[in-house]
Amino acid sequence: MTPARKKSLEKLMAYDFPVPTNIPIELSHYLLAYISYIQDNKLAEGFIVSSMSNSLNTMVDCLTSFERILRTPIPLAYSVHLHHCVWLYMLSLPYQLVQNLHWWSILIVALGSFCLLGILSIGWEIENPFGYDDNDLPLDDFCKVIRREVAVITSHPPPDPSTWIHSPKNHPFGSRCDINAIELGEKPVTEVCRLFQKYSDSPHTWVNINVNNK
């Protein structure tokens, strides 16, 4: 990422400028108003409205978790103490190894410093995974993928079950039996039970039940 591109993206960060409200929360209010409009005008079934409300609540809970990660960094005292301990250990390590390893202590200290400083850098990077740095989560890409998948799903009408359940191509028993769903629906219940017992993947005891075939 070029410095100019990074600088332009940093200008878009919401926490750099005071805003009158929390934008994601305000968007959730608009979504809630839309759900209420659908419910009041009876434009959808009750279970659909309930599912939409639950999805909105889940989204707000995820937003709360993300803000908790963003606004709760590692305490400064812990970070400073950890850096001091690592540097003190690396400075004292050569004096502990030079008597036995001699010149090899330079390589050992270099490898140890690489590992410990790398852990400190990784901790510093993953402390805030939201942003536009190289190691941050590509949230914009995630949103684009979700938007594309939602567009594909909503661009097709829901399939009619009669076109694929009651179809000559639907074989409930797979390749083990040539009976399709239409033919199976015309058979008596006892015959259906016998077929299930015959072509079942996991054999078990079937209970004979007298039924009145209509």
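The values are calculated or read from the model by the stated rules, or taken from the named source; none is laboratory data. Not measured: the values here are computed from a predicted model. Every residue, glycine among them, receives a Cβ derived from its backbone with ideal geometry; neighbour counts consider all protein chains shown. What goes into the accessible areas is simple: the full protein's heavy atoms, side chains included, and nothing from ligands, DNA or RNA. Shrake-Rupley method; radii C 1.70, N 1.55, O 1.52, S 1.80 Å.
How many Å² of accessible area per residue for the stretch 14-145, probe 1.4 Å?
80 Å²
Straight-line cross-link reach from residue 169 at under 17 Å between alpha-carbon atoms covers these aspartates and glutamates, not counting any fewer than eight positions away in the same chain: 160, 178, 183, 186. Ranking 131, 143, 184 by Cα position along the charge dipole of the stretch 65-214, where only Lys, Arg, Asp and Glu carry charges on their C-beta atoms, puts 184 farthest toward the positive end. Here the accessible area of the stretch 57-113 is 72 percent carbon and sulfur, with a 1.4 angstrom probe and all protein chains present.
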